[in-house]
């Protein structure tokens, strides 16, 4: 395994070089091939990953557990309410204690600052399984899926339509790092954070990636090789759901909108999806959709990250 990864945290794709991201994707492809051919790859035999969940998940929990099993290690599920964190123990103290038991930590939570504090005090790798700000593991799977179907990343155009949320933020970093052009269409007041866009544009300066932040979904999707969306109300925003449905209605990814993309475009969605809201059934269940390949690649991309940072 690459020595420059050993012991590293994965908090944000912004922290990794374009070459390092391609190394992760190349290993993800290799591990996927090994699994399909039935070739054992126990790179983490005897290693244990602690998985802290303050937000529930289908794909994150199952993919990380299966990843550790296939790598020869063990995944320990830690519900936040079962930890002393739920009774007021500090993140720093929790990090110090878990570092004595585990070989790595994956955390899925609300505040990015909590993940960063956990990493600051832990002596073992910390992987961001999702925060309200970023979702790096999802975007590694997205990049793997795009490259599988398109044969490359650099020079492709990705259109993201919807809320400027954690998925959008990490897509900005992922595209900027790999030379993909990205156009984001979000309603005023729901666009990606300005500081994230600024960092992504700095990343893009070395790869030739173009970044557009728009309000017009048609302009964003025009000529796109890849079209991506996400739910309009993320976990923790349920009380805003009805208001968001009104605001985002013009941003639905439907057959009319995707006619403006390239004829061979592919559609991605991190799931879960709400058919009839952010995307129609005709698109997500149609011939351009690769969402099931994308969901599967969470397993392979995360296996690559785990093998690189924990081996």
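Here, each number is a calculation from the coordinates, and none is a lab measurement. Nothing here was measured: the structure is a model prediction, and the numbers come from that model. Neighbour counts run over all protein chains shown; Cβ positions are idealised from the backbone, glycine included.
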Distance in nm between pseudo-label sites at residue 193 and residue 57 (7 Å out along the Cβ direction from Cα): 1.8 nm
The range 144-163 and the range 33-104: distance between their alpha carbon centers, rounded to Å: 29 Å
Two-site FRET efficiency, residue 247 against residue 45, from Cβ-Cβ distance with R₀ of 35 Å, rounded to 0.05: 0.10
Ranked 97, 115, criterion: other C-beta atoms within 10 Å, fewest first: 97, 115
C-alpha long axis of helix 59-70 to longest principal axis of the chain, angle in °: 50 degrees
Spin-label model distance (nm) - residue 116 vs residue 215, 7 Å beyond Cα toward Cβ: 3.0 nm
Inter-part distance where the range 255-311 and the range 106-128 are each reduced to a Cα centre, Å: 26 Å
Fully extended contour minus Cα-Cα distance, from residue 15 to residue 205, at 0.36 nm per residue: 66.9 nm
Alpha-carbon spread of the range 138-294, three principal axes, descending order, Å: 41, 36, 25
Label-point gap, in nm, between residue 66 and residue 222 - each point 7 angstrom along Cα→Cβ: 4.1 nm
Angle between the chain longest axis and helix 136-150 axis [Cα atoms, degrees, rounded to 10]: 60 degrees
Computed helical MRE - 222 nm, the chain, DSSP H runs ≥ 4 contributing -39500 (n - 2.57), nearest 500: -13000 deg cm²/dmol
Sequence ranges 300-307, 34-41, 183-190, ranked by mean other-Cβ count within 10 angstrom, highest first: 300-307, 183-190, 34-41
Candidates 277, 117, 256: whichever shows maximal mean-square fluctuation once the chain is modelled as a Gaussian network with Cα springs under 10 Å: 256
Highest-fluctuation residue, 45, 224, 75 considered, GNM on the chain with Cα pairs under 10 Å: 45
Difference of contour (0.36 nm per residue) and Cα-Cα distance, residue 285 to residue 83: 68.7 nm
Sequence of 135, 269, 274 once ranked by neighbouring C-beta atoms within 10 Å, starting from the fewest: 274, 269, 135
The range 114-174: C-alpha gyration tensor shape, a/c 1.5 cut-off, then a/b vs b/c: oblate
Contact order relative to length of the chain, as percent, for alpha carbon pairs under 8 angstrom and 6 or more apart: 22 percent
With Cα atoms, 0 to 90° folded angle of helix 112-121 axis to the chain main axis: 30 degrees
FRET efficiency, residue 93 to residue 240 (Cβ-Cβ, R0 45 Å, nearest 0.05): 0.85
Label corresponding to Cα extents along the principal axes in Å when calculated from the structure given, among [x] 67, 40, 32; [y] 69, 45, 41; [z] 54, 44, 36: [z]
